[in-house]
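Okay, so here's the structure we're looking at.
We did not get these values from a lab; they are worked out from the coordinates using the rules stated. In this text, all values refer to a predicted model and were calculated from it rather than measured experimentally. Using ideal geometry, Cβ is built from the backbone for each residue, glycine included, and neighbour counts are taken over all protein chains shown.
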Amino acid sequence: MEIIHSIRPLLAILVSLAAAILILFFGKHRNIREFWTLAAGVVKFGLVLSLLPMVLDGKAPVTEILTLADGVSLKLRVDPLGLFFALIASSLWIITSIYSIGYMRGLNEHAQTRYYFSFALCLSATIGVALSANILTFFIFYEMLTLATYPLVIHKETPEALRAGRKYLAYTLTAGVFLLAALVATYSFAGTLEFTPGGILAGTADKPTLRLLFVVFMIGIGVKAGIMPLHSWLPTAMIAPTPVSALLHAVAVVKSGVFGCLRMLWFVFGTGLLSDLGVWIWLAGFAAFTIIVGSMVALTQDNLKKRLAFSTISQLSYIVLGGALLSESAMIGSTMHLVNHAFMKITLFFCAGAIYVNAHKTKISELNGIGRRMPYTMAAFTVGAMGMAGLPPVAGFISKWYLCIGALQAEEMLFLVVLLASSVLNAAYFFPIVFRAFFRKPEPGAGEDGLPSGEASLFMVVPLCISAVVSIALFFAPNVPLHFLELAKTVVQQVLQGGQV
Amino acid sequence: MIHEQESIVIKTVARLLVPFIQLFALYVIMHGHSSPGGGFQGGVILAASFILLSIAYGLDEVKRRFSIKALTVLTSAGVFLYAGTGVLCLLLGENFLDYGVLPVVEPRGMGMLAIEIGVGITVMAAMVSIFHDLLDFE
Amino acid sequence: MEFLSGHANYFVYIMLMMIGLYGMMAKKNLVKKLVGMNIFQWSLILFFVSIGAKEGGTIPIVEGAHGHGAEIVIQASHYVNPLPHVLMLTAIVVGVGTTGVALAVLLNLYKKYKTLDEDEIIGKL
Amino acid sequence: MDHSQLPILVVLIPMLVSFVIPLVGIWNKKLPFYMATAAMAASLLAALGIMNQVLQQGPISYRLGGWAPPWGIEYYIDHLNAFIMTLVCFISVFICIYSRKSITQERPGKEVHFYCVLLLLFTGLIGMLVTGDMFNIYVFLEISSLSAYALIAIGDEKAHFATFKYIIIGTIGACFYLLGVGYLYMATGSLNIHDLSTLLQPLYGSKVIVVSAIFFIIGLGIKMGLFPLHTWLPGAYTHAPSAVSAYIAPLMSKVAAYVFIRVMFTVFDVSFSFENLPIMEILSWIAAVAIIFGSIVAISQSDIKMMLAYSSISQIGYIVLGVTMGNREGFIGSVLHILNHAFMKGCLFAIVGAIIYRHGTRAIERFGNLHRTMPLTSAAFAVAALSMIGLPPTAGFFSKWYLVLGAISAGKWVFVVVIMISSLLNAVYFFRVVEHVFWKPKSGGTDLPIERNEAPNSMLIPILVLAAGILALGFASHWIIEMVIGQTVPAGIL
């Protein structure tokens, strides 16, 4: 890979930091404040997009900011996997911003300035996570993300929200400490922290130590990725406003977790070392367990957002599973699922938020007949649900297809069964909602007043329709316009080549 | 706490002793640079004479003649005499307290003497004011 | 026995030190604690002075050396080592200062609580 | 004036000014503050000059009175003490500016004496840093301690008792130090640090040396508040006036830690400290216990000053742990932590002082709505708290990074775990405060008034400077290590 020095990766991070300050500054004027949010979103997306041609050419834009320790600097590097994630995050931020405006105004929420401020910080951190060139930089942005998300989680400031916030912090900070220990150990073993396709740890310590290190890494990263049994902060954090949940679950936090997981698996340990150590099977086992159990718990939830949360937990483990299976197709599927799941899940959350703003319903059992009043919203929800279940013509099918092929390639039939079973479970917990919404009459007792007279505001409906359409578009043309599939394939090639060396 | 006492014996003995004590104190201070003794010991002896006075004649009497303000000034002045000598050496281009450069006869001895006097004054004033403060407490 | 007499200064200073320590730890009256602290300090001073002492030694000043040692002071081995003594002068000053501050604090404590008993003061805190 | 006199000036200026202050104070009560600040600023300039000289030419030796060591007192300044001296001067200047309003409000009428004694304390600290003579260190140690006793005694209603406790325990500490000096003197006949380090080489087998090392450790352990000798520390930090806490907490224990490093690594050499004695091993376990103990006790406090005081105990543990690890990374971590912790604790105690100044409370429960009335102070608190927890990119993270690295290089995984647990415990008690400051749900009338009531500028600016320093030090840490701290690592530590 040819390295070129460019300041654009840094700019992409600074844009939303600058926006955060401007937002704080214009806190009293909501139109200006929200203008900055949107403007920063667009500029950031533009910047990330401008990196795409370089990466497709096989170049790697690098920004080295300053040295943090011997041989480790605060360094950004755009490689295909990082760009892949950055594209997802920055594109979804625009949509989420528009949606947030509708949601926050619709509910007349308090402390909106703090909300937009933290939101912008969050996105800076996410892009930082995506573009970091070494584990220390990654860790810095990762912790920044934790902190920036905390005000969002406790936005309501009720005792319950504070409790959720405390739980969130307890989990993520503990994980952070594990990650720190792991990364210091990596540094002292390998002498470098650079993400390298194929890993840096091979041959630096004896096998038991490396296995231990792997466990510590996975505990550190697994909390944000929601791998069971480290997931329990995630449903609790559902107390946050819906756009936050959408962001948390579809884009920033948990995706950073799984993204980090892939980074550690492929760029720190490397495929060769993983199969050498035999630890991949442990991770795959945990992931498979999470997929099944997460889906089953989702079945029992009546709160719509909680159900979505457990669905997230189970879907994220697809990505982890794909990452751990170490076969080419599984890895492609896993990478693709990053983007597919992001768009599908954000659609679902947007729908849940729209229903909440418009009808003040949070329970699934209250949704009878709502599809007749909010047809676009529920149509989008249906698209998302189909995607989750892996049905064509929604993007979820593609990633699941690759994952299944990958499981076959790896000759692990058990995981194939898990994937298929999970699809069935997904269908089982999503389709009843769709069915209720469209085919059941509203409860007679609730009266006609219980349901809204029409759709939520355009600020909300347009974003959710866009994300639903994108979810479908990603099925038909996964390469247009952002070259997601091509990027994913490049990533996997890199990693596998690196692993052989 | 301590007020004028009736005891004529104490008063007379104190009156007789104090000058001798003070003279001895001055001797100890002045000889500090060439024999055992020095500013600190001399200062303490000097202070003892004033303390004896306040025990015999009462604190108020001593305070009238030797006010707190004067003690404060003396405490600082002693230090300045000390540090001033040192700084003078600095200004004359040598290290701090390097008396060799002082423009007097037998500079080492004289420099040391200046310092001993400074120390003596400070110690005396500080001891007396500690004693005053402790006794002044109501 | 020779060991005992040869190291008498050590035993004295350690005993004093222990007495001081005992005073500081066991006494309930704060002034007694302070006295204990002083004994502790003085024991150290004694120790220092004793390590500089020399039987039959004289002061290390050439001109006008007093008394019996005047004719032999040129030889360094006849001096008492003056340095520990000089150091202790400073240590004594420090000790006086500490005692002064401590007494001032005690006066204030007494003014506030009308007692100097540790337990009573803790009870009133 | 040429630069060769800087080592004496850095001590002399504050000392002289501190004696002028009572004189000036007789006719003007306002001037002492400006004089004290000016004196500290002058010392800061001198310290920077020294630093510059040391960086360019290596260690400086200054002979007081022109007597050559080992007879005369020598001021010896190498990278380590130049660095810590600059730090002490820097923090002092800002805390001194900060103290004006605070002390006028808390102890009206005492300003003159306050600044006199504060400068003496400063003189003591700087003196300990510049001097290269063991006994001189003792003298300055006692100067600083005596001034600290006096300053703490003017605190709140419980301050006198806390001060008395501190006097007793502090004096024992100083005596033990002196005893250590005495034994070294007995064995070698020298008091000069560098002279000692050569004279001691053939004597390491002797029991006298071992005993003196133990005395040093006990004495300095008391002075820096190392568990289990810390009992004076919480009361002293808590009940002192807020300006005094903000001055003493970041600096005094750090300078004592410096003396500890000096004694263990310059006077004694590394091979003695680590091989002849099992002491370093024991000390590192003690430090580990201190870290955990301080954090756990801090969690249970409802008084924020008490909480910060216990957190100091655990942070001292970090410093000792790093030093006793016996490798380069750990040592760098310790020295870096001296720097970082001085900034963090100074900032935190200053913030608490500002809160007391405005709202008269230091109970954590009463901090609700603080972010509305004092937004900038709250933000500074958040930064300092994050740094205490050790989250990047604040300064605290980097010292932790080196400490963990040191523990791993030394192969002591237990200490890695200890540092990890401790940073979680830190998170527990700091986020409790942060929660109260920023998000406490309204509950009855105990919250602070909502209207904006920020600390006065003379207090706010030092707080913000220290908070900005915490962030800046984080980014500059590698640079600082390369420039200075890397040079301080004693020979023999790999």
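Which helices pass in chain D if a helix is a full DSSP H run, must span at least 27 angstrom along its long axis by Cα, and must have mean Kyte-Doolittle hydropathy not below -0.5? Could the numbers behind the result be given before it?
On the way: long enough: D:6-27 (32 Å, 2.54); D:31-57 (38 Å, 1.11); D:79-106 (39 Å, 1.01); D:111-130 (28 Å, 2.02); D:134-153 (28 Å, 1.50); D:159-188 (42 Å, 1.25); D:242-262 (30 Å, 1.15); D:279-299 (30 Å, 2.34); D:304-325 (31 Å, 1.25); D:328-359 (45 Å, 0.85); D:413-439 (37 Å, 1.69); D:457-480 (32 Å, 1.73).
Length and hydropathy pass: D:6-27, D:31-57, D:79-106, D:111-130, D:134-153, D:159-188, D:242-262, D:279-299, D:304-325, D:328-359, D:413-439, D:457-480.
Applying Stokes-Einstein at 4 °C and 1.567 mPa s to the Kirkwood radius of segment D:62-102, computed over alpha-carbon pairs, gives a translational diffusion coefficient of 105 µm² s⁻¹. Work out the P(r) tail for segment D:176-316: percent of alpha carbon pairs separated by more than 23 Å, whole number. More than 23 Å apart: 40 percent of the Cα pairs in segment D:176-316.
Taking a point 7 angstrom from the Cα of D:SER271 along the C-beta vector, which residues in segment D:161-190 have backbone N less than 20 Å away? The answer is D:188, whose backbone nitrogens lie closer than 20 Å to the label point.
Scale the Cα Rg of segment A:334-447 by the rule-of-thumb value 2.2 N^0.38 Å and send over the ratio, two decimals. Normalised Cα radius of gyration, segment A:334-447: 1.21. Beyond 25 Å in Cα-Cα separation lie the following of the pairs B:LYS69/D:LYS223; A:LYS167/A:LYS255; B:LYS69/C:LYS32; A:LYS207/A:LYS255; D:LYS223/D:LYS345; C:LYS112/D:LYS165: B:LYS69/D:LYS223; B:LYS69/C:LYS32; A:LYS207/A:LYS255. The rule of thumb for compact globular proteins, 2.2 N^0.38 Å, goes into the C-alpha radius of gyration of chain D 0.92 times. Between C:LYS124 and C:LYS111, the distance separating the two model label sites (each 7 Å from Cα on the Cα→Cβ line) works out to 1.4 nm.
Calculated translational diffusion coefficient of chain A (25 °C, 0.890 mPa s; Stokes-Einstein with Kirkwood radius over alpha-carbon pairs) equals 110 µm²/s. Of all lysines in the structure, the ones whose alpha carbon falls short of 19 Å from that of A:LYS441, not counting any fewer than 8 places away in one chain, are A:LYS361, A:LYS363. Between A:ARG372 and A:GLU486, residue separation times 0.36 nm minus the direct Cα-Cα distance comes to 37.1 nm. Compactness ratio for segment A:230-306: Cα radius of gyration over 2.2 N^0.38 Å (N = residue count) comes to 1.33.
For segment B:8-135, take the alpha-carbon Rg, divide it by the Kirkwood Rh, and send me Rg/Rh. Working shown, then result.
Numbers: Rg = 16.5 Å, Rh = 15.5 Å.
Rg divided by Rh gives 1.07.
When the Cα atoms of segment D:91-185 are aligned to their principal axes, the ranges along those axes come out at 48, 29, 18 Å in descending order. Cα extents for segment A:298-343 along the principal axes, largest to smallest and rounded to whole angstrom: 38, 19, 10.
Suppose we take every Cα in segment B:20-71 and form the convex hull; what volume per residue is that in Å³? Kindly include the intermediate steps, with their values, before the conclusion.
Working: hull volume 3.9 nm³, N = 52.
With only Cα atoms used, segment B:20-71 gives 75 Å³ per residue.
At R0 = 41 Å, how high is the FRET efficiency between A:ASP57 and A:LEU458 if r is their beta carbon distance? Nearest 0.05 is fine.
On the way: r = 39 Å, r/R0 = 0.96.
Plugging the Cβ-Cβ distance into 1/(1 + (r/R0)^6) gives 0.55.
Spatial offset of segment A:326-377 relative to segment B:64-121 amounts to 86 Å, using the alpha carbon center of each.
Once Rh is set to the Kirkwood radius over Cα pairs, what Stokes-Einstein translational diffusion coefficient, in µm²/s, holds for segment D:1-154 at a temperature of 37 °C and a viscosity of 0.692 mPa s? Intermediate results must be reported in sequence, preceding the final value.
Numbers: Rh = 15.8 Å.
The calculation lands on 208 µm²/s.
Over the Cα atoms of the protein assembly as shown, each weighted equally, I'd like the Debye log10 I(q)/I(0) at q = 0.06 Å⁻¹, rounded to two decimals. Values returned for q = 0.06 Å⁻¹ are -0.60.
First measure r as the distance between the Cβ atoms of B:LEU17 and C:ILE92, then evaluate 1/(1 + (r/R0)^6) with R0 = 30 Å and state the FRET efficiency to the nearest 0.05. If you can, show how the numbers build up before the last one.
Working: r = 24 Å, r/R0 = 0.79.
Rounded to the nearest 0.05, the efficiency is 0.80.
Computed extension length for A:VAL42-A:SER232: 65.0 nm, one decimal, from 0.36 nm per residue of separation with the Cα-Cα distance subtracted.
Work out the length of the dipole vector of segment D:70-200 about its Cα centre, built from +1 on the beta-carbon of each Lys and Arg and -1 on the beta-carbon of each Asp and Glu, and round it to the nearest 20 debye.
Details: 6 positive and 9 negative charges, 95 e Å.
Using Cβ point charges on Lys, Arg, Asp and Glu, segment D:70-200 gives about 460 debye.
With R₀ fixed at 25 Å, the C-beta to C-beta distance from A:GLU2 to A:ASN479 puts the FRET efficiency at about 0.65.
Rounded to the nearest 500, the helix-only mean residue ellipticity at 222 nm of the protein assembly as shown stands at -24500 deg cm²/dmol, with each DSSP H run of n ≥ 4 adding -39,500 (n - 2.57). Under the convention that each Lys and Arg Cβ holds +1 and each Asp and Glu Cβ holds -1, the size of the dipole of chain D around its Cα centre is about 1100 debye. Look at where the Cα atoms of segment A:259-275 and of segment D:175-220 average out, and the two centres are 54 Å apart.
Working from the alpha-carbon coordinates of segment A:1-71, get Rg over Rh, Rh being the Kirkwood radius. Present the calculation step by step, with values, prior to reporting the outcome.
On the way: Rg = 15.5 Å, Rh = 13.8 Å.
A ratio of 1.13.
Considering chain B as a Gaussian network with a 10 Å cut-off on Cα pairs, which listed residue, B:GLY93, B:GLY109, B:GLY78, attains the greatest mean-square fluctuation? In the Gaussian network model the winner is B:GLY93. For segment D:294-494, the Cα gyration tensor yields ellipsoid semi-axes of 33, 18, 12 Å (square root of five times each eigenvalue, largest first, whole Å).
One quarter of the surface of the convex hull around the alpha-carbon atoms of segment A:49-194 equals 10.0 nm², the direction-averaged projected area. Across the options D:PHE438, C:ALA53, A:THR67, the greatest Cα extent toward the positive end of the charge dipole of the protein assembly as shown (unit charges at beta carbon of Lys, Arg, Asp, Glu) belongs to D:PHE438. I'd like the distance separating the alpha-carbon centroids of segment A:66-111 and segment A:132-157, in whole Å. Distance between centres, Cα-based: 11 Å. Remark: spin-label model distance A:GLU411-D:GLN57 equals 7.5 nm, labels positioned 7 Å along the Cα→Cβ axis.
Across the options D:ILE389, D:TYR357, D:SER312, the greatest Cα extent toward the positive end of the charge dipole of segment D:294-494 (unit charges at beta carbon of Lys, Arg, Asp, Glu) belongs to D:TYR357.
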